[in-house]
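What follows is a set of notes on a single structure, which appears directly below.
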Protein chains: 4
Amino acid sequence: MGTGISFLGLGNMGNPMAHNLLKSGNKLFIYNRTKEKGAELIQEGAQWLNSPKEAFLHASIAFSIVSNDQALLAITEGNEGLLQNAKPGCIHISMSTISPELSRELAKKHSEKGVHYIASPVFGRPEAAVQQSLSICFAGKGEIRQQIEPLLHVLGKKIYDFGEDPGIANTVKLIGNFLLLSNIELMSEAFAFAKKSGISLDKIHTFLAETLFPFPIFQNYGRLIIDQNFTPGLKMTLGLKDINLFLHEANALNVPLPIANLLHERLLAGLANHREELDWSAISIIAMEEAGITS
Amino acid sequence: MGTGISFLGLGNMGNPMAHNLLKSGNKLFIYNRTKEKGAELIQEGAQWLNSPKEAFLHASIAFSIVSNDQALLAITEGNEGLLQNAKPGCIHISMSTISPELSRELAKKHSEKGVHYIASPVFGRPEAAVQQSLSICFAGKGEIRQQIEPLLHVLGKKIYDFGEDPGIANTVKLIGNFLLLSNIELMSEAFAFAKKSGISLDKIHTFLAETLFPFPIFQNYGRLIIDQNFTPGLKMTLGLKDINLFLHEANALNVPLPIANLLHERLLAGLANHREELDWSAISIIAMEEAGITS
Amino acid sequence: MGTGISFLGLGNMGNPMAHNLLKSGNKLFIYNRTKEKGAELIQEGAQWLNSPKEAFLHASIAFSIVSNDQALLAITEGNEGLLQNAKPGCIHISMSTISPELSRELAKKHSEKGVHYIASPVFGRPEAAVQQSLSICFAGKGEIRQQIEPLLHVLGKKIYDFGEDPGIANTVKLIGNFLLLSNIELMSEAFAFAKKSGISLDKIHTFLAETLFPFPIFQNYGRLIIDQNFTPGLKMTLGLKDINLFLHEANALNVPLPIANLLHERLLAGLANHREELDWSAISIIAMEEAGITS
Amino acid sequence: MGTGISFLGLGNMGNPMAHNLLKSGNKLFIYNRTKEKGAELIQEGAQWLNSPKEAFLHASIAFSIVSNDQALLAITEGNEGLLQNAKPGCIHISMSTISPELSRELAKKHSEKGVHYIASPVFGRPEAAVQQSLSICFAGKGEIRQQIEPLLHVLGKKIYDFGEDPGIANTVKLIGNFLLLSNIELMSEAFAFAKKSGISLDKIHTFLAETLFPFPIFQNYGRLIIDQNFTPGLKMTLGLKDINLFLHEANALNVPLPIANLLHERLLAGLANHREELDWSAISIIAMEEAGITS
């Protein structure tokens, strides 16, 4: 059990986070399904792991951030999984957006090996990851949370402790993403209406973003919607994954959620019409098209 | 035609606005359907008008802020209406939340008498009116807008010029209220889900209001929803009026608006269940009840 | 006051109805905004009226069936309206799909002149009008209902008496149309799902129409949707009119109606995308398109 | 491999179906999780099986009808499952409402043992099962379908062949249930509106059921809704299961289904408010309550 840190998953969120851990002076071991994504980090001094199972060979802390439940299971369990060589006392900080169920299940499996599991999903787009300005909510066993909190401050600006149950941190993440996507839909409807009313979208967006809705999601996503700039960001397929996780939980808890259902419809219509590679904010196209607006 | 200012409509928005105009040194003439509302202002030096038709006897500028299209028509037209004694060059600054249609129609009727009509709806709850921190969007004839803009700065902090067509300013107001009420519904669904997930509503509200959604509507309405503090503010009946105006416009423009329709359903259910005297944020009760949550 | 019957409004419903009245031996006077529509009837012996105001010159009973509230007002009131020459005891059988409000208001205005107003909206497509197989619900003053019921049996097969309040008959009509359009939407969603599941639409339509849903609306509209045969029938604009009347009533009564709102969205999207000349069943295109199905 | 027939699952649908098979002269072997349900059948000559694994000991054909995917797996697979003693050539006629996915998966597992799997879900309430008037759609391998079709005619009146892919038959069943539940919601909204309009529910139900909607679902469920007679029938929990299967498929196929989502919301609200033991038509309570109608 070494003193370094392992980082598994070098996508457009994980990559800048790994950079920040490296720059802040940690000995960093990295892994990704495709090695190219790690090239730059290796040049800067990170060491390559050939498999997730090497995560705890030289490090006692491993971060992971991958795209869904299946991908997390793939790097955690089995012969190649990070639990393979994990020793009691190791800590897995799991940052993926996954189901609360899986989080709880993994916490149990980790604890059977004496390994600690901290759920720690992150909020923010890749730019925020670069700028160490992510918001992070985390949950897991108390003394471990205290131990790793300083590392989270390397990655984000606002760090919130949600207690013992790791599933709660993942639930909070799902709620956050639901609200975020809802705002995209809201703006889409408002802008479709504004456009057909003859109002300049720039003007009303500026007005609203400076008065009633002065927050980055409204400001930035509003801009993207008006410019129809749908370079991802978060791809529509991932957005659908998140809403499905949210609705799955809601179904289990008997919570009817009409707006979440609407978002689900919008995302399905997006995929059915071949927009899977666009940013999830491309659901805005639907409200526009239904109003007869073609860009 | 005098140099004073008349102010018609002394409800919980109009009253503090009139106060601010008086305090800033204007000679103020006031009118309200029930005189009691004006008592304090009279004590501070305002002069009482016995009828809207006296608005332009001693003043060349009249503000009005009343509760709906009918009320505005009642103080504008007919033998008792403010147009009765209006002389060419007088200016009516109309701040009510009304239909864009009526706004355009009144602009035409005013102009037939040489009177100027400026639509100037305001955003903010009564506290913001007291603090002169309202947001105001206004529209109407160019040179008149320039002339009255300094007066708007007495009432609000953020003043936005939306051009020549007075209907546009009213449309912007309807869009703003739609987005505001949508946020109430969004929070209601999110909080119902959070509560059944076992998350402290205080905690998740704080988290969201400090990270992704750091804006007053989320902060303040979120608090009201959690505390189930539904003292109006804006009564549910007025909320329904606004959504109906919005949907009426959307119908005329062929814009399908699923979330606006949901809000309409929520408000109707609120009224059908005798909540008409509560703040419009009491629509949040429905998402809670449907999830089986009773406070 | 003569013994004939006047018939005002010779559209694709009114025309075959007038024919049936003529064929059953009545002396028939006809009026339509454009005279061409009456050519065939005139050849068969009907007499032309130059204005609605002549309706009660030679007849004591007048039927009317026009496209909306405005059109009905136009042929009823004013100098050219049928009330102009109506004498006490005359009967106006009003078959248009109009607002219950207007129906009640007209009943009152008729009664001030001693004229009887019977609301008697009809259900069925033009083919059913030809075949005298319409369904008709009617309401109005008791003894008058008895008197005119035989005439209704000339026009339709199933005649239902809804009592004294004429508005009720119009409300029933709005409910019927709501349910009918809902069935179109239901089939659209079901067929979009079936098609993407790889099921033959002919096969599942036959199955459902012969087992669970063995009724003409399902059978006939299902066929039209599958064949994408959107020749009107009832144009989308008239469908929107009906849903708007329904939602207007629902708003006044505080009844939240999520499916009616969905239908409203579908119709608006249809009009926004230039389908106003198609049959209202063309809303089915939307569920298909959202599922990525292009015919 | 015997010449008898086994029947697994003696709930309120399976029981009368087993009776009908027995009465038509078949040697019948029966199994149910709780034996009491089979008492009457045993008295009439059916023989009890101690485990599903005995299904193919004395019979070459086994019917099964249980409540969901899990229950079907439990009687099919493992040491106690019917596949345990199945010999090549045996036929499993699977009548449960389950996911198309499971149907396809089971077909494959059966075929690995040379056993034939026919999906054959049934439509109708328990009364229809008693009266041999069920509607049945079935799918599976061609020559086997021919072989078993006569047996289906013992159980139902309308039998439809949906071809080779067993999943299709299950998909058809899900579509049927979706449409059925949609009709319940439609009637609920229509009746809530009618009631607040002052229309007698009996009267409008009779009118609609005799004219536009003359089919048993409308007639019977309409009656149950008006009488608020929610004795199950199909319990709300089972209704939720079916809608979840439907939405799960729709999600996989990218088909947005707004009405299915609404039904899902209604069922969740029903369960959240402790109506899980009522018939699924009890979702009608929600439209009524939202309109402020308390029985």
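The values are calculated or read from the model by the stated rules, or taken from the named source; none is laboratory data. Please read all numbers here as calculations on a predicted model, not as lab measurements. A quick note on method: Cβ atoms are made from the backbone with ideal geometry, for glycine too, and the neighbour counts reach across all protein chains shown. Ligands, DNA and RNA are excluded from the accessible area calculation, which covers all protein heavy atoms including side chains. Shrake-Rupley method; radii C 1.70, N 1.55, O 1.52, S 1.80 Å.
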Let me confirm something: among B:Leu271, B:Leu253, B:Leu278, which residue is modelled with pLDDT of 95 or more, open to solvent by 30 Å² or more (accessible area, probe 1.4 Å) and more than 24 Å from A:Glu185 (Cβ to Cβ)? B:Leu278
Could you grab me the full set of residues in the stretch A:151-165 that are crowded, with 21+ Cβ neighbours inside 10 Å and either among the charged types (D, E, K, R) or away from chain B (no Cβ under 13 Å) (or both)? A:Leu152, A:Leu155
Taking the stretch C:36-67 on its own, how many of its residues are modelled with pLDDT under 95 and not small (Gly, Ala, Ser)? 1
Conditions (1) in contact (Cβ under 8 Å) with a residue 60 or more places away in the chain; (2) surrounded by 19 or more Cβ atoms within 10 Å (Cβ to Cβ): number failed by D:Pro121: (1)
Taking the stretch A:246-284, which residues are over 18 Å from A:Ile175 (Cα atoms) and within 7 Å of another protein chain (Cβ to nearest Cβ)? A:Leu268, A:Ala269, A:Leu271, A:Ala272, A:Asn273
Just one listed residue, out of C:Lys27, C:Lys37, is farther than 22 Å from C:Lys241 by Cβ, touching a residue at least 12 places away in the same chain (Cβ under 8 Å) and touching a Gly at 6+ places or on another chain (Cβ under 9 Å), and it is C:Lys27
Which residues, counting only those in the stretch D:205-240, are within 11 Å of chain C (Cβ to nearest Cβ) and not in a helix (DSSP H, G or I)? D:Thr211, D:Leu212, D:Phe213, D:Pro214, D:Phe215
Among the residues of the stretch D:32-60, write down those that are of a type in the set (A, V, I, L, M, F, W, C), within 18 Å of D:Thr76 (Cα to Cα) and open to solvent by 60 Å² or more (accessible area, probe 1.4 Å). D:Leu57
Test for D:Ile285: is it over 19 Å from B:Thr294 (Cα atoms) and either open to solvent by 20 Å² or more (accessible area, probe 1.4 Å) or part of a loop (DSSP other than H, G, I, E, B) (or both): no
Looking for whichever is modelled with pLDDT of 95 or more and among the acidic types (Asp, Glu) here; the options are D:Glu77, D:Glu127. Which one fits? D:Glu77
For the stretch A:17-31, give me the residue count where each residue is at negative phi and either open to solvent by 20 Å² or more (accessible area, probe 1.4 Å) or of a type in the set (Lys, Arg) (or both). 7
Do we have any residue at all in the stretch B:32-40 that's under 17 Å from B:Pro126 (Cβ atoms), part of a helix (DSSP H, G or I) and among the aliphatic types (A, V, I, L, M)? no
State yes or no: is D:Ile243 in contact (Cβ under 8 Å) with a residue 60 or more places away in the chain, part of a helix (DSSP H, G or I), away from chain B (no Cβ under 14 Å) and farther than 30 Å from C:Ser99 by Cβ? yes
Quick check on C:Ile184: is it in contact with a Ser or Thr (Cβ under 9 Å, 6 or more places away or on another chain), facing chain D (nearest Cβ under 9 Å) and β-branched (Val, Ile, Thr)? no
Candidates D:Leu134, D:Leu151, filtered to the one that is farther than 26 Å from D:Asn220 by Cβ and among the hydrophobic types (A, V, I, L, M, F, W, C): D:Leu151
Can you report the number of residues in the stretch A:246-282 which are in a loop (DSSP other than H, G, I, E, B) and among the charged types (D, E, K, R)? 3
Any chance the stretch C:157-165 includes a residue that's in contact with a strand residue (DSSP E or B) (Cβ under 7 Å, 6 or more places away or on another chain) and part of a helix (DSSP H, G or I)? no
Enumerate the strands (runs of 3 or more DSSP E) found wholly within the stretch A:79-147, keeping only those where 2 or more residues are in contact with a helix residue (DSSP H, G or I) (Cβ under 9 Å, 6 or more places away or on another chain) and within 23 Å of A:Gly239 (Cα to Cα). A:91-94, A:134-138
Here is a check on your reading of the model: is B:Ser135 free of Cβ contacts under 8 Å to residues at least 40 places away in the same chain, closer than 18 Å to B:Asn20 by Cβ and surrounded by fewer than 22 Cβ atoms within 10 Å (Cβ to Cβ)? yes
Have a look at D:Lys195, D:Lys203, D:Lys173 and point out the one that is under 17 Å from C:Val255 (Cβ atoms) and open to solvent by 10 Å² or more (accessible area, probe 1.4 Å). D:Lys195
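Determine whether D:Leu234 is open to solvent by 10 Å² or more (accessible area, probe 1.4 Å) and more than 30 Å from D:Ser99 (Cβ to Cβ).
no
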